[in-house]
Structures are given as C-alpha cells and as structure tokens.
Amino acid sequence: MATPEEARLHQFLQWLELNRAELRGCRIKYSESSKGFGIFSSNHASDGILLVVPLDLAITPMSVLQDPLLGPECRAMFEEGEVDDRLLITLFLTVEHLRENSSWKPYFDMLPTTFGNPLWFSEDELLELKGTTLYRAAQLQKKTLQSLFDEKVKRLATKLLTLDGHPERDVKFEDFLWANSIFWSRALNIPFPRCYIFPMDSEGQDSDISSKIVNSATQTNGCGSLSNGESAKVPEYDALPDKVASAASISQGEIVWVEGLVPGIDFCNHDFKAAATWEVDGTGATTGVPFSMYLLSAGENPSLIEKEISISYGNKGNEELLYLYGFVMNDNPDDYLMVHYPVEAIQSVDFSDSKTQLLEAQKAELRCLLPRSLLNRGFFPPSNSSVEDKDKSVSSQVCNYSWSGQRKTPSYLHKLVFPAVFLNALRTLAMKENELYRVSSLLEELVGSGGERQPTDTEVQAAIWEACGDSGALQLLVDLLNMKMLDLEEGSGTEENDTKLLEKACTAETPENCKETSDIAQNHLLSGNKQSSIIYRRGQKQLTRLFVKEAEHALQLALTEEL
C-alpha cells in the first residue's frame, strides 16, 4: 500500500503531466524530514535539461487576476489599492488552500504544513534566539502579520471564499501565516518575456492591469542575466535592510521580472555548490516548449543517478536562511554580523543636537553589515583566505587627505575592514567638545563665516576625520561589539557552550543519529528549530569575537599613531 507521501506525489505528478510539465532527467521524491520533497537525477539528459514547466503554471499576480473564480474580485481589490502584488499572491494562496475543489490541490498537498523559520517557533524555541538580531525581528514580523490579518486579510479572504459557496468557512491566522511562509520560501524572481506579461489589446496597446501590477512593484536596477537559479526573496524587517534588493518586478528591455511560484522547480533544495540552475525559454528554441522555465544541469559530467539536484538560493548568511527558509548551514561562508548604534541613544550623548545635525549633513548610517569575507583582508585573516583577498586595498575607506596637513593617512588603512560610512557616524558620535569646535572652525573656514554655501557631505566627513582621527570611533566600535557579545551570551553562554550543546545534541527529527544511550539522549533532545537556532547564534558569537579582535587591534594602532 502506498504511503501518504507516495499517494500525494502520484497525484502531483499526474497534475504536472496534465499541465504539460515534463520531467526529462529527474524525478521528484521525498528527501528527508528537514527538507521535505526534493528533485533527484534519474538519467543523463544529453542536453542537460532536467525539468520543463510552462510559465502558464506559475502563480503570479497576473495569473491570480486571470483566475476564473477569484480573478474579478481580486482585480477589484487590486485596483482599489487594498492589496499590492505580493499580498495578492499571499491572499490567493490562503484562499485556494482552503478550497476543497481547488484546481491547485495536487500542488498544495505537496507543500509543507509547518516551517522551520522563527515565525513558527514555540515560545521556548524562540528564546534560543534571544540576544540575536533575529529574535526581535521575528517578534515584530509576527506582530505585523497578525495585525495585517486582523485588519484586512481575514475580511478579504472571507469575501473570496463566499464566491466558492462557503461563506461560513473560518479563516484562521495560521492559514495566512502558512501562505506567507510559502511565498517567501518558494517564490522566484522570474524573467518573463515582455510579450507574455503585456498582451496587446485590439488597438495594439499594453494591457492596462498588467502595467499597474508592474508599476506597483518595488523596482531596482541590475537584475542580471535571465538565469540565476536564485530565489529573490528577502525579509522585509528591520534586521536585514539592503542585504539583497527585493525586486518584485522590473522591466529591462524585452524582459519583465515578476515574483511568482513555479510548481516543480520550487522543489529544488539549496546547496552552496549548486548542481543546477533555472532559465526561461521564451521562444521554445531550447526546450521545445515556448514560454517555459527549465532546470538545467550545472555540471559538465553526467549526473549520478539518484543524486539530489540542488540550486543556490544566493549568497545568504544563516540569518537570512533561517528567517526565510527555516534552515541553516554549518560554517556558512556567507554569514554576516549586524552592528548598529541605537538611534534613541543619541539624545543622551553630549552635544546631541549638534551631532545630529552633522550626522544628517553627511548622510551617516548608524548600522552596518559585516560579512565574514571582510576578515580575509583584515589584520588576522583566516588561514583559508586567498592571497587576492589579503592584498585587497581599501584606501577609499576614509578621507585620506587633510587641508591643514596635520592629519596623515593611517598606516593600517589597507587592513581596516569596517565600512567607512559607519565609521563616519561613530566619529561624529564620539566627538569631544574641543573636537566639535574644531570641526565647526574647519567648516567655517571652508564655506565662509557668512555661510555662502552648504558644505558637502564629503567635506563634513573630511573635517570630522581631520579633527577626530580614528581612535574615538574605534573605541566606540569596540564597545558596541562587546555589548553585542554580552547580549548574545546572556542566557546561552559562550561560543564554546553552544559547541558542546551541539556535540551532545540529538534532534527530535533524527533520534536515530544519537550516539548516547536512549536515557542520556533524552536529556539532550533538541527540536530541529532549537538546533538551527544554536548553530545560528554560535556563528554570531564567533563573528563578534573575530570582529572585536580586529577593532581592538585597529584601536591600538590608531592610539599609537595619534600620539
């Protein structure tokens, strides 16, 4: 007798075939509890094409508006501004998942029902993140989603379910949370051919509603090629600003980038060394299927039979991976640390009004991301860093000129790994009274006592650097990093403590991997969520320790050279 997983998979494969998808060199099967279903090689496709899915099968804002049952009402909601393109898809997923006769049911039955991201953590599991950037971010995001559901989504979803003849069906927050997690963990930024997105009307004009969808989206520049195999999803929360630009859609020549889900392709799991990428075939010249997305083997050699085929979700640290996808990677080379100076603390510093004006004048940033890769060119590069990384110059990091000639370029400049824009802010905040007067004098000398013109942000930065040097900023940076370490270690202990926990741990999902006896193992039984949290926070502690070491060494050099 077929297992429930096998029965769902059989229905899904039939549904894919009915919708003209083609599995050419792969098969979909259950991978493991932490991954769910995955895509595995079945034979060697001579052209490297493993899977082809027509774009008609993608769930996008346009396909939602064209849905025969929900489309007209969704169109009205969109035109009235009640939903944007992302909420439109999430609302559609919420409702369709509740409809018993949904045409998407074979696909939805294959999707996970729970997730490993912090929005699904229990209170006990969430405490494992305390002290990390993600702890507060997850709390704020869940609160925001709850408010959005209460104030808008429940009403709109109930209205759409009425069209299905089930006005009495109760829409719960968990239904919306499920749809939100499905969207952010599985949606891709898809390069659609323009003619597919903008069908011409009888007068040769672009479809009006399609134009509104594209124009409503967050737009960025530089989307890159038509094949990247990456999910373009990023969290919209305070913890990860500007890490990756979220391009909901962008017009670039004959290509329009639109977010959407592609059933089949989205079962590819992540790996640093991707075995495949996805591409779009607008004409059918490559696959024989016009307007399709296909999975292409990334290796030159034939794939091993039954080997899982992975794609890369992008260069994402564990913070993003855990927040978006619910998993982490041990020794993630793309990990990063966020450091910030609290805005509310500025009011308590000396001369806060003057310093606030200077911060605004130089467009200063009070937070920065410190990727692990920065350490490769620092004072203490890891042994595995390349010669190229170690030799990279960062001479643009500070204002290396002085109109008075009194401030010389630091000798350690080429080893300083901290972003100049953040150090500029810290110099301003750390200024002493005499340094503040010195800055005012320099700027007055530059622009004239009558203030004939306003100094540029670069001139303000140069004046502050000449008056202050680096020692004050670096001392403040050391303090911020040490405070971050205290927050990380409070309640969970040191980096070594986390390592010991992981060495002893037995996960609830894979108890067979325990090396201890069953009685002892129960004392160290961890849920997968807890284990992911410990790996993530241990990485944060490690990066904090390494960047503290860099900052302290730079501070000692700065103090020596400023004597």
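The values are calculated or read from the model by the stated rules, or taken from the named source; none is laboratory data. Keep in mind it's a predicted model, so treat the numbers as computed, not measured. Every residue, glycine as well, gets a Cβ built from its backbone with ideal geometry; the counts of neighbours run over all protein chains shown. Note: areas computed on protein heavy atoms with side chains; ligands, DNA, RNA excluded. Shrake-Rupley method; radii C 1.70, N 1.55, O 1.52, S 1.80 Å.
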Of every hundred units of 1.4 Å-probe accessible area on region 9-80, the number belonging to carbon and sulfur atoms, as a percent, is 46
To the nearest Å², the heavy-atom accessible area per residue of region 307-385 with 1.4 Å probe amounts to 45
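Net charge near D150: determine it from the other residues with C-beta under 12 Å of the C-beta of D150, scoring Lys and Arg +1 and Asp and Glu -1.
+4
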Excluding ligands, DNA and RNA, the carbon-plus-sulfur percentage of the accessible area of region 337-382 with a 1.4 Å probe reads 52
Descending packing, highest mean Cβ count within 10 Å first, for 259-267, 14-22 is 259-267, 14-22
Reported to the nearest 10 Å², V421 has, with a 1.4 Å probe, an accessible area equal to 50
Protection proxy (average C-beta count within 10 Å per residue), highest first, orders 486-494, 47-55, 344-352, 113-121 as 47-55, 113-121, 486-494, 344-352
Hydrodynamic calc, region 1-158: Kirkwood Rh from Cα pairs, then Stokes-Einstein at 37 °C with viscosity 0.692 mPa s, so D in µm² s⁻¹ is 176
Once amide hydrogens are built 1.01 Å from N within the peptide plane, the residues lying 5 or more places from N189 or on another chain with amide H under 5 Å from its amide H are A232
Descending accessible area (1.4 Å probe), largest on the left, turns W278, W184 into W184, W278
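Greater than 31 Å separation of Cα atoms is the criterion. Which listed pairs, K105/K504; K35/K172; K142/K549; K500/K549; K105/K273, meet it?
In this structure, K105/K504; K142/K549; K105/K273 exceed 31 Å between Cα atoms.
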Protection proxy (average C-beta count within 10 Å per residue), highest first, orders 376-383, 316-323 as 316-323, 376-383
Per the Cα gyration tensor, region 414-480 corresponds to an equivalent ellipsoid with semi-axes, largest first in Å, of 24, 13, 8
